[in-house]
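Any read-out appearing in this document is the output of simple, stated calculations on the displayed coordinates, not a laboratory observation. Remember, it's a predicted structure, so these values are computed and weren't measured experimentally. All Cβ positions, even for glycine, are placed from backbone atoms using ideal geometry, and neighbour counts span all protein chains on display.
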Amino acid sequence: MEKVRERVQSFGFPRLLIMAFLCLLIIMMFLLKIPVPLTLSQCIVRIGINMVLSLAMVPGIMAGTGMNFALPLGIECGLIAGMISLETNMTGVPGILAAMMISVPMSIVVGWVYSLLINRVKGSEMMVSTYTGFSVVAIMCIGWLVLPFHNESIVWPIGDGLRTTITLEKWYDRALNRLFAFEIVGVEIPVGLILAVVIFCVLMWLFMRSKTGMMMKAAGANPEFARANGIRVDSMRTLATILSTVLGGIGIIIYAQGFGFYQLYNAPLMMAFPAIAACLIGGATPRRISVFNVVIGTVMFQSLLAIATPVANGLIPEGNLSEVVRTIVSNGIILYALSHMQGGKR
Amino acid sequence: MGRQMKKFLINNAVTILFVIICIIGIILANQPLSYILGEISSRLFRNLTLILALIIPVWAGMGMNFSIVVGAMAAEIGIIAATNFSISGVACMAVAFLVSIPLSLVFGNLTGRLFNKTRGQEMITGMILGFFAKGIYDLVFMFLCGPVIPIKNKAMLLTNGIGLITPIDLNQETKKAINNIWKVTLDKALYFLFFVLIAVQIVLIVRKMVKNQEKFQWKKAYKLYASIAGLIVYAVICHTSETVLFALRFTDVPVVTGIIIAIVCVLITYLSRTKLGSDINAVGQNRAIAISMGIPADKVRIIAVMMSTLLAALGQLIFIQDIGNFATYTAHENVGTFSIAALLVGGASIKKANIGQAILGALLFHTMFIVAPLAGKNLFDNAQYGEYFRVFVCYAVIAISLALHAWKQVMAKRVAEEAEEEA
């Protein structure tokens, strides 16, 4: 009995609660006779398109800068790159790859500039990064109004600026999902998307085991000790921030193509929170993370949301119950993680 | 002198920058003085209590209390309860406040306990707590009201009987109920304010003279001179400028709301002179020393958050009665961010805040808020520029203040370490 309690404690009570809730939802799904293959297909897509955004949390936590609340920085870079790809009418999978390519140099520059800030505010990274992210989203709202995009399909017909939501039908709507896609008993398997996600996960896994990755982990775990061993802690933090920003940029492009829309203006404001929540649900803490945590967490969190939507609609047709569930679950798990940082000590 | 000047400029960079932004904005907005004065005055009375609610946790070393959102929710629950029983007028506000007192105290207590578990990261915790509480609030009022929680006033429910409508309108008698009790024009209110200031100064000086058995010290009474000079300048302006006088007469000031704000200010000042106040300060300065002095630090911190949450509830009530309605599910969303940005603009920091900074911040911040869209419209023929700009400024002020503070702390630590190594 004692052992069980210990297990529960190390696993975390909220995680058990979330798992129980997920099981309940699955049971409800069968009770309400919701078409399982369709829901399962949606689950897979949601997991895939959110995975890279969650993966962006790994370098930051490794290097000790904590959860990267400034993910919107990378997202904005990805969005600009996406807009460039649409402006020049790139289509299909090559269009997506081109958008990613364009986003990377931008993310590197932005990430580097941002790391200058984050290396000067050690100990308060989370708060500063949150509001840096918010500020950048707000200034980019003006950016979307004034940036010189002219393609008729992406700007407002009347007035200034880009549209709030841009559907991707003309360019690369679900192109990656459809690549090599096939169907098993009604469940669509988006092979291209899964491949892309697996590639990024494996790359990150390899990076964590590389020499640089080890040094980064050491810098995060014990900066003093790392410095004594000749590791340049600040460079490690810079590298981590750049990596995280780059992943954010690529992540939003994968997200947008799978979703079918680019959402501009205030849409990226809160995007860091579900990504962080997914990692935490998977067993990561603000100090320790693995690719396994990210994968498990994203699978659990996104299937929870994917199943909650039809179940909630079956129970209460009006209102957005799944959105409320998302708010409570994602912020609840972040609060839990914060309260277990040993009295905020780092 | 030059060095002092530089220090002053650096320490008050945000405030000075804001004064400049406001002046440019007012010029660009090109609006009649009466309009701007009226808007600023009404926004000042509307928002000031919410900003004042932030001060006490700053003293306790917990930084900006992002969780005043929870207090705002308590106030909204109070109004929903009062509207449910179809109470209107001042009684509605009184009932709402009575309901929100226990709620906000309980919420504040829980928040304080959570903050004690996340010491050093109170601000991010408070922010996430605000989002989390919004989720719970939505769950209760969107889905449980109607099927689970009985609602007497059917007009508040959506047509299918599940969840509250948005926005919730206060009826004609309740709208501005507190503001409408007693109104005077701004020109009289300012005269009154100057006379009160002078009277308070005189009373303070006389009390000091009696207490210390000393003569009147002409040199030390500069605050009194400033007040008198202010009164004279004001009287001269009123008598010479038609436009100013017209603008002042055009603007109404809600006296009772003003009195409530004054009481809050006096209570906060009084608190700072009590044992509890000095305990709060001690905990904020250095927790370890405070504990060694026998101060129950965790308890003091909880009390500070509870007071802040209660004041936030009062502030949100004043805010909503002035507007006359509130978006049921989103009215509390920006309460924390806007209030905090305003306080920081007034020159406060994560470690220091006082009533003067709150008032100055409210004035400057809301001036910017009014003129930015108008300026955007005049400059680019699109009010959106200004609207996005003011949101950006709001976030940027918080980001810059937090970053500057964190940077100063890191630098101080480094200097201390270097000194230690040398020794």
Relative contact order, percent, the stretch B:256-327 [alpha-carbon distance under 8 Å, six or more residues apart]
20 percent
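Does chain A come out rounded, prolate or oblate by the C-alpha gyration tensor, with a ≥ b ≥ c the root eigenvalues, rounded set by a/c under 1.5 and, if not, prolate when a/b is larger than b/c and oblate if not?
Judged from the Cα gyration tensor, chain A comes out oblate (a/c at least 1.5, b/c at or above a/b).
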Just want the answer: with Cβ charges of +1 for Lys and Arg and -1 for Asp and Glu, which residue in A:91, A:266, A:225 is farthest toward the dipole's positive end in the stretch A:14-339?
A:225
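Within the stretch B:50-125, which chymotrypsin sites (Phe, Trp or Tyr not before Pro) sit in a loop by DSSP and count at most 16 neighbouring Cβ atoms inside 10 Å?
B:85
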Charge dipole of the protein assembly as shown about the Cα centre (unit charges at C-beta), most positive-ward option of B:345, B:243, A:25:
B:345
Between the stretch B:281-335 and the stretch A:63-105, the Cα center-to-center distance that results, in Å:
40 Å
Name the lysines eligible as straight-distance cross-link partners of residue A:122: C-alpha to C-alpha under 17 Å, and not fewer than 8 places from it in the same chain.
A:217, A:345, B:408, B:413
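Provide A:88, A:39, A:327, B:159 in ascending order of the number of other Cβ atoms located within 10 Å of each residue's Cβ, fewest first.
Least crowded to most crowded, the residues run B:159, A:88, A:39, A:327.
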Estimated dipole of the protein assembly as shown in Debye, rounded to 20 [Cβ of Lys and Arg +1, of Asp and Glu -1, Cα centre]
2420 debye
Protection-proxy order for peptides A:226-235, A:27-36, each taking the mean of Cβ atoms within 10 Å per residue, highest first
A:226-235, A:27-36
To the nearest 500 deg cm²/dmol, what mean residue ellipticity at 222 nm is calculated for the protein assembly as shown from DSSP H runs of n ≥ 4 alone, each contributing -39,500 (n - 2.57), summed and divided by the residues?
-24000 deg cm²/dmol
Based on the alpha-carbon gyration tensor of the stretch A:97-156 and its eigenvalue square roots a ≥ b ≥ c, which shape applies: rounded if a/c is under 1.5, prolate if not and a/b is larger than b/c, or oblate?
oblate
Counted charge near residue B:28, where neighbours are those whose Cβ lies closer than 14 Å (Asp, Glu -1; Lys, Arg +1):
+1
Two-decimal Rg/Rh of the protein assembly as shown from alpha-carbon positions, Kirkwood Rh?
0.98
Compute the relative contact order of the stretch B:2-422 as a whole-number percentage, counting only Cα pairs closer than 8 Å that sit 6 or more residues apart in sequence.
33 percent
The stretch A:73-175: radius of gyration over Cα atoms, expressed as a fraction of 2.2 N^0.38 Å
1.22
Where a Cα-Cα gap under 19 Å defines reach, which lysines qualify for residue B:211, not counting those fewer than 8 residues away within the same chain?
B:219, B:220
The stretch B:336-357 to the stretch A:254-287: how many Å between their Cα centroids?
31 Å
Can you sort A:15, A:120, B:414, A:237 by how many other beta carbons sit within 10 Å, fewest first?
B:414, A:120, A:15, A:237
In debye, nearest 20: dipole of the stretch B:2-422 around its Cα centre with unit charges on the Cβ of K, R (+) and D, E (-)?
1200 debye
Let's see if you can work this out: charge +1 on each Lys and Arg Cβ, -1 on each Asp and Glu Cβ, no other charges. What is the dipole magnitude of the stretch A:14-339 about its Cα centre, in debye to the nearest 20?
1060 debye
Could you list which residues have their amide H under 5 Å from that of residue A:260, counting only those 5 or more apart in sequence or on another chain, with H placed in the peptide plane?
A:174
When only C-alpha pairs under 8 Å and at least 6 residues apart count, what is the relative contact order of the stretch B:139-186, in percent?
30 percent
Where a ≥ b ≥ c are root eigenvalues of the Cα gyration tensor, a/c under 1.5 meaning rounded, otherwise prolate if a/b exceeds b/c and oblate otherwise, the stretch B:2-422 counts as rounded
Over all residues in B:128-139, what is the mean tally of Cβ atoms on other chains that come within 10 Å of each residue's Cβ?
6
Which trypsin sites (Lys or Arg not before Pro) does the stretch B:204-286 hold that lie in a coil by DSSP with at most 11 other beta carbons within 10 Å?
B:215, B:219, B:220, B:273
If you take the charge dipole of chain A about its Cα centre, with +1 on Lys and Arg Cβ and -1 on Asp and Glu Cβ, which of A:184, A:330, A:148 is farthest toward its positive end?
A:330
List every DSSP H helix in chain A whose Cα atoms extend 18 Å or more along the helix's own long axis and whose mean Kyte-Doolittle hydropathy is at least -0.5.
A:13-31, A:36-55, A:71-87, A:92-118, A:125-146, A:191-209, A:233-259, A:291-315, A:321-339
Would you list the membrane-span-like helices of chain B, meaning whole DSSP H runs whose alpha-carbon atoms span at least 20 Å along their axis and whose mean Kyte-Doolittle value is at least 1.6?
B:13-29, B:68-84, B:255-272
For a footprinting-style exposure proxy, rank B:417, B:39 by other Cβ within 10 Å, fewest first.
B:417, B:39
Quick one: which of B:133-141, A:203-211 comes out on top by average Cβ neighbours within 10 Å, and what's the full order, highest first?
B:133-141, A:203-211
